[in-house]
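Engineer: Structure incoming, see below.
The values are calculated or read from the model by the stated rules, or taken from the named source; none is laboratory data. Nothing here was measured: the structure is a model prediction, and the numbers come from that model. Virtual Cβ from ideal backbone geometry, glycine too; neighbours counted across all protein chains shown. Just the protein is used for accessible areas: all its heavy atoms, side chains included, with ligands, DNA and RNA removed. Shrake-Rupley method; radii C 1.70, N 1.55, O 1.52, S 1.80 Å.
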Amino acid sequence: MLISIITPTYNSEKTVGQAIDSLLKQDYQNWEHIIIDNESADTTLKIIDEKYENLKDKVKVVSEPDEGISDAFNKGKERAQ
């Protein structure tokens, strides 16, 4: 069974790596991580692109405006497998 983890972000350069790293440490590896980013102005997207470039099949990023955390979760839910 595939597990979908949805993480809304905005200027999360200090924590986005920790979120991804915690998934990588899990014994169960059949997951996808959907990050819905509200057009961060910091290095959030750069960190994901550079540090986790080898995980593009597991870590999916969407960066676009949203109307808050509920909207971001709904966007992630729509994209979840």
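Engineer: Give the residues of segment 12-41 that are open to solvent by 30 Å² or more (accessible area, probe 1.4 Å) and farther than 17 Å from Ser63 by Cβ, sorted by residue number.
Structural biologist: Lys14, Gln18, Asp21, Ser22, Leu24, Lys25, Gln26, Asp27, Tyr28, Gln29, Asn30, listed by residue number.
Engineer: Of the conditions (1) without any contact (Cβ under 8 Å) to a residue 40 or more places away in the chain; (2) under 16 Å from Lys60 (Cα atoms), Leu2 satisfies every one except a single condition; which number is it?
Structural biologist: Going through (1) without any contact (Cβ under 8 Å) to a residue 40 or more places away in the chain; (2) under 16 Å from Lys60 (Cα atoms) one by one, Leu2 breaks only (1).
Engineer: Give just the number: which of (1) touching a residue at least 24 places away in the same chain (Cβ under 8 Å); (2) in contact with a Ser or Thr (Cβ under 9 Å, 6 or more places away or on another chain) does Ala19 not satisfy?
Structural biologist: (1)
Engineer: Within segment 42-50, does at least one residue satisfy the condition of being out of contact with any helix residue (DSSP H, G or I) (no Cβ under 8 Å at 6 or more places or on another chain), of a type outside the set (D, E, K, R), at pLDDT 95 or above and surrounded by 10 or more Cβ atoms within 10 Å (Cβ to Cβ)?
Structural biologist: Yes, segment 42-50 contains a residue that is out of contact with any helix residue (DSSP H, G or I) (no Cβ under 8 Å at 6 or more places or on another chain), of a type outside the set (D, E, K, R), at pLDDT 95 or above and surrounded by 10 or more Cβ atoms within 10 Å (Cβ to Cβ).
Engineer: Among the residues of segment 51-81, count how many are open to solvent by less than 90 Å² (accessible area, probe 1.4 Å), in a loop (DSSP other than H, G, I, E, B) and in contact (Cβ under 8 Å) with a residue 40 or more places away in the chain.
Structural biologist: Residues flagged as open to solvent by less than 90 Å² (accessible area, probe 1.4 Å), in a loop (DSSP other than H, G, I, E, B) and in contact (Cβ under 8 Å) with a residue 40 or more places away in the chain within segment 51-81 amount to 2.
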